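Presented below is the structure to which this report refers.
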Amino acid sequence: MAENWPTAAELMTRDPLTVESETPLSTALGLLKSRRIHELPVVQRGRVLGMVTYDAIARRHNVALSTKVEHVMIVAPVVGPSTPLPALAEKLLASGRRAACVVDPRRGTLQGVVSRTDLVRAAGSIPTIAGVSVVEAMSPLAATLGPRDRCREIYAHVRSMEDHPLPVVDKDKRLVGVVSLSDFGNAFWRPAEVDRRNFAGEVPALSAEVRSIMSTPPLVVPVRATVGEAARLMSRSRASSVFVEDDGHPVGVLGLGEVLGLVVRQEPGPQGAYIQITGLGAGTDPSLLTEVDHVLARSLRRIARFTRPVMLTIHVTPHAVHKAGDASVRVRLYGEGRIYNASQTGFDLRKSVAAAMEEIERQMHTEKEERRTRNRGASLRTLPRDYGDLATDEDLEARLSALTANGGEEGRER
């Protein structure tokens, strides 16, 4: 199937919008807002220097709007024009970015930009992906907001918002709106404002209520929908996520990342499971990551007894208030024909990851036992229809009893 995958050259947007390294941040933000995009390539003489993104700006809210984009840009993922769809999906998942720059391998110049939306649009036409149930592919909700919550509370969830917008629910837990990074950025970064702080030293936008910046109506699909239906809805609406609803209540979210995970699963690499960890800060202790890596290696070896692990994603959500623990860990394992989810909350990241992986192992063990039970039931159903009659045949029972009592003499004489 590898030769049938669409390539970056076929999926990319040619002659994309770009900015120079000297461009003011206010101009870049205006372009991001007006074009409804999340990343802008930063170029110099046609060569890619980096990207300026909404999430990078949201993390640095104290930067002046006159700042040059070269001071806030990040490293841009780069691919060649012949890169196939699964490799593109893996590149974007590994980098955590929503788009990659397609660069001429000989000249090093920018040819186009391929986004997650482009990949999802292509994935929606692949039967093995489009037919998957959204309930099987969706992720659990990381957090919810209330309409009257203050915007300052959003800062605790910026990392989660890089993957999905936050749902806004009313007092009955019904979905009434969503807040995305672009909503938050548009509300906070206002070029017209001369002084963004009041006399108390507080940023007014952070004191505003969530309902003043949320987007409505939210984009939703029912629990009975398929990934193909959700992908087409996201493509038509140019949205990064859709919420999965059951009787008006959000039960999960399906985003571009989940669809790309299904793409990666279609053609796993020779090195085994692809592992992605998101949500950790740049200052995370390297020794802690090493311990987590050891935990994952041991767990994956045990999981291999049940299924071949193809892709493992782990998202860490730090808590702003230490009431339920220091961080929540969401783990998703893509196996052959099945997706497993688990989550844990605690102060020790290594223990939380280990507990979540153990939960996935228990799910697999339960499935194995259920299959054995079904197989035993199927074996009984294949017995002759008169099996029950034979078991209650009184003459047969009498002959067998006599044979046993005679020590088998009757059988030997015959």
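The values are calculated or read from the model by the stated rules, or taken from the named source; none is laboratory data. What you see is a predicted model; the values in this text were computed from it and never measured. Because the Cβ atoms are built from the backbone with ideal geometry, glycine has one as well, and the counts that use them run over all protein chains shown.
Here the condition is being assigned by TED's automatic domain parsing to the domain that holds Ile37 and over 23 Å from the mean Cα position of the chain (by Cα); of Ser66, Ser95, it holds for Ser66 alone. Of all residues in the stretch 8-19, none satisfies being surrounded by fewer than 16 Cβ atoms within 10 Å (Cβ to Cβ), in a loop (DSSP other than H, G, I, E, B) and among the hydroxyl-bearing types (Ser, Thr, Tyr). Checked against (1) within 22 Å of the chain's Cα centre (by Cα); (2) closer than 30 Å to Ala76 by Cβ; (3) outside any loop (DSSP other than H, G, I, E, B), Ala142 passes all but condition (3). Taken over the stretch 106-143, the residue count meeting the criterion of being of a type in the set (D, E, K, R), in contact with a Ser or Thr (Cβ under 9 Å, 6 or more places away or on another chain) and closer than 27 Å to Ala342 by Cα is 1. Candidates are the residues of the stretch 336-350 that are under 16 Å from the mean Cα position of the chain (by Cα) and farther than 16 Å from Ala142 by Cβ; the one that is surrounded by the most Cβ atoms within 10 Å (Cβ to Cβ) is Tyr340.
To keep it simple, each residue is scored yes or no on (1) at pLDDT 90 or above; (2) farther than 30 Å from Leu262 by Cβ.
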residue	(1), (2)
Val169	yes, no
Lys173	yes, no
Gly177	yes, no
Phe188	no, yes
Pro191	no, yes
Ser207	no, yes
Leu219	yes, no
Glu229	yes, no
Ser235	no, no
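Considering (1) over 23 Å from Glu90 (Cβ atoms); (2) in contact with a His (Cβ under 9 Å, 6 or more places away or on another chain), the lone condition that Asp285 does not fulfil carries the number (2). Scanning the stretch 230-266 for residues that are in contact with a helix residue (DSSP H, G or I) (Cβ under 6 Å, 6 or more places away or on another chain), assigned to a strand (DSSP E or B) and farther than 14 Å from Ile339 by Cα gives Val242, Val244. Scanning the stretch 285-318 for residues that are in a loop (DSSP other than H, G, I, E, B) and surrounded by 17 or more Cβ atoms within 10 Å (Cβ to Cβ) yields a count of 4.
Among the residues of the stretch 267-289, is there at least one that is at pLDDT 85 or above and either under 18 Å from Ala87 (Cα atoms) or more than 12 Å from the chain's Cα centre (by Cα) (or both)? Scanning the stretch 267-289, I find no residue that is at pLDDT 85 or above and either under 18 Å from Ala87 (Cα atoms) or more than 12 Å from the chain's Cα centre (by Cα) (or both), so the answer is no.
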